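Asks: Take a look at this one; I'll ask things after.
The values are calculated or read from the model by the stated rules, or taken from the named source; none is laboratory data. None of these values were measured; they are calculated from a predicted model. Glycine also receives a Cβ, built like all others from the backbone with ideal geometry; neighbour counts cover every protein chain displayed. Keep in mind that these areas ignore ligands, DNA and RNA; they rest on the heavy atoms of the full protein, side chains included. Shrake-Rupley method; radii C 1.70, N 1.55, O 1.52, S 1.80 Å.
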Amino acid sequence: MSIELATNGLSGVKSILAVVSAKGGVGKSSVTANLACALRDAGLATGVCDLDVSCPSLDTMFGIDPEDPGNMPYLTEDSLIEPPLVRGLKVSTMGTMAPQDKALAWRGPVMHSAVQQLLQSTNWADLDVLLCDMPPGTGDVNLSLAQTAPVTGAVVVTTPQRVAVADVARGIDLYRELGIPILGMVKNMDGLTCKVCGTHHDVFGGNDVEALAAAADVELLGSVPIAPEVRFGGDAGKPVVEAEPASAPATAFRAIAEKVKGLLAATSVGGDAFETCTEEEIEI
């Protein structure tokens, strides 16, 4: 692919992880929010950048109140954006910078500038890992990310149905064309287990995700079941990893986070330089 990829990293950031799909509605933002919380709990200084610029949702999922000045970003003396610290995570999202009821009808060049500003003009120091929540599709924002900062790897999110898996395959192809490693795949909304009778229902179908993982030679990092707790937590601004830590989806997210932590530590960009935070250092 004939674009110039970034070689200079973001100041204060050891690893950058893109959470991608190419398909909309598969739960990328939910996975991003919960994976960020789980990585934080695993001892990594973690930040989140919401690159779904025109339709951000991480402000809602992290419970950032636009009426609370303490939750709003501000400019430092060095003209950097200081993002709000929410649940021990630095979170940068257009949801805190633009009216929530107004559409951002931006063309490619403006979108590219917004991506650059969110990434390069934000005070991220000091992070072990920055998670970038990507929009659906294989277009501008994905390319802008690759041109703005060297991405350590991508985690691909999909739901089990064939119509989702087909688009996800295109997303994998894009990131491989960009030379960005695919760290693994998350199978989201993997069936529903009735809490009354215990019957498991494959709401979105069968084994298409496993077939894609095998065909694309991508590790399946884990599966997250459909559970009301995930929706409740997202709407309430408290991800399920925190709100219901003993639940099945929270357990799944923590297991995925442990795998991601190991994969990041093994990469040449992330290195093995992670310093585990103590509980006292993690502000929640």
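Asks: Quick check on my filter: what residues within the range 126-168 are within 22 Å of ASN207 (Cβ to Cβ), in contact with a helix residue (DSSP H, G or I) (Cβ under 8 Å, 6 or more places away or on another chain) and open to solvent by 40 Å² or more (accessible area, probe 1.4 Å)?
Replies: Scanning the range 126-168 gives GLN161, ARG162.
Asks: Could you check how many residues of the range 58-93 are in contact with an Asp or Glu (Cβ under 9 Å, 6 or more places away or on another chain) and assigned to a helix (DSSP H, G or I)?
Replies: Selection size over the range 58-93: 5.
Asks: A further question follows. Would you point out which residue out of VAL209, VAL269, VAL241, VAL260 is modelled with pLDDT under 95, surrounded by 14 or more Cβ atoms within 10 Å (Cβ to Cβ), of a type in the set (Val, Ile, Thr) and assigned to a helix (DSSP H, G or I)?
Replies: That would be VAL209, the only listed residue that is modelled with pLDDT under 95, surrounded by 14 or more Cβ atoms within 10 Å (Cβ to Cβ), of a type in the set (Val, Ile, Thr) and assigned to a helix (DSSP H, G or I).
Asks: For the range 32-57, enumerate the residues that are assigned to a helix (DSSP H, G or I) and not β-branched (Val, Ile, Thr).
Replies: ALA33, ASN34, LEU35, ALA36, CYS37, ALA38, LEU39, ARG40, ASP41
Asks: Is it the case, given these coordinates, that VAL186 is touching a residue at least 24 places away in the same chain (Cβ under 8 Å), crowded, with 21+ Cβ neighbours inside 10 Å, in contact with a Lys or Arg (Cβ under 8 Å, 6 or more places away or on another chain) and of a type outside the set (S, T, N, Q)?
Replies: No.
Asks: Taking the range 212-237 as the region of interest, how many residues are open to solvent by 80 Å² or more (accessible area, probe 1.4 Å) and in a loop (DSSP other than H, G, I, E, B)?
Replies: Total meeting the criteria: 2.
Asks: Same structure again: Mind listing whichever residues of the range 9-29 are of a type outside the set (S, T, N, Q) and under 8 Å from the mean Cα position of the chain (by Cα)?
Replies: Within the range 9-29, LEU17, ALA18, VAL19, VAL20, LYS28 qualify.
Asks: Could you list, in sequence order, the residues of the range 1-50 that are hydroxyl-bearing (Ser, Thr, Tyr), at pLDDT 95 or above and over 26 Å from ALA166 (Cα atoms)?
Replies: Hits for the range 1-50 are SER15, THR46.
Asks: Filter the range 36-66 for residues that are open to solvent by less than 20 Å² (accessible area, probe 1.4 Å) and over 22 Å from ASN123 (Cβ atoms) and give the result.
Replies: ALA38, ALA42
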